[in-house]
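Since the structure comes first, as structure tokens, the remarks are kept for the end.
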Amino acid sequence: PTQRYDPDNIFAKILRGEIPCTKVYEDDWALAFEDINPQAAVHTLVIPKGAYVSWDDFSARASDAEIGGFVRAVGEVARAKGLVEPGYRLLANVGEHGGQEVAHLHVHIFGGQPLGPMIA
Ligand code: 5GP
């Protein structure tokens, strides 16, 4: 991988319960919680429980069970928040050019309002 996983990243601390979060969903594969600085009416983050830096790292190293569990969890969170009928947006920033700030894979779920063509 281009970047070694840092077990002291902020989302690792959230996973270990060392930092609080507003939890919205949890299963064997994933944890979802509200973004601390929401960029839309709904802005939820979904992270895998495994130690993966980014979408790149996850897609390269994770087992099919982890990938399946995580993808299913993202869909479950969106359904649980009632986002399916009005629609929503998924985003995963990867690396420097992607603007990734926290080096533990996270998928952003945006919704609860019309989002326009793009959220930067
Ligand atoms: P990135 O730019 O890495 O894709 O997104 C990181 C996201 O994590 C940002 O939307 C930011 O607001 C959110 N974030 C950063 N630190 C914390 C935190 O301690 N708690 C929560 N809930 N969200 C955080």
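The values are calculated or read from the model by the stated rules, or taken from the named source; none is laboratory data. Quick caveat, the model's predicted, so the values are computed rather than measured. We place every Cβ from the backbone using ideal geometry, glycine too, and count neighbours over all the protein chains shown.
The residues listed here are 8, 28, 56; of these, the one that is away from the ligand (no atom under 11 Å from the Cβ), modelled with pLDDT of 95 or more and surrounded by 12 or more Cβ atoms within 10 Å (Cβ to Cβ) is 56. When restricted to residues that are buried (at least 18 other Cβ atoms within 10 Å of the Cβ) and in a loop (DSSP other than H, G, I, E, B), segment 31-50 contains 2. The numbered conditions (1) without any contact (Cβ under 8 Å) to a residue 60 or more places away in the chain; (2) within 14 Å of the ligand (Cβ to nearest atom); (3) not aromatic (Phe, Trp, Tyr) are all true for residue 64 except (2). For segment 74-103, a residue qualifies if it is within 19 Å of residue 25 (Cα to Cα), touching a helix residue (DSSP H, G or I) at 6+ places or on another chain (Cβ under 8 Å) and more than 9 Å from the ligand (Cβ to nearest atom), and the qualifying residues are 84, 88, 90. Restricting 68, 116, 82 to those that are in a loop (DSSP other than H, G, I, E, B), surrounded by 12 or more Cβ atoms within 10 Å (Cβ to Cβ) and either more than 14 Å from the chain's Cα centre (by Cα) or among the acidic types (Asp, Glu) (or both) reduces the list to 82. Residues in segment 85-98 that are closer than 24 Å to residue 6 by Cα, surrounded by 12 or more Cβ atoms within 10 Å (Cβ to Cβ) and more than 13 Å from the chain's Cα centre (by Cα): 95, 98.
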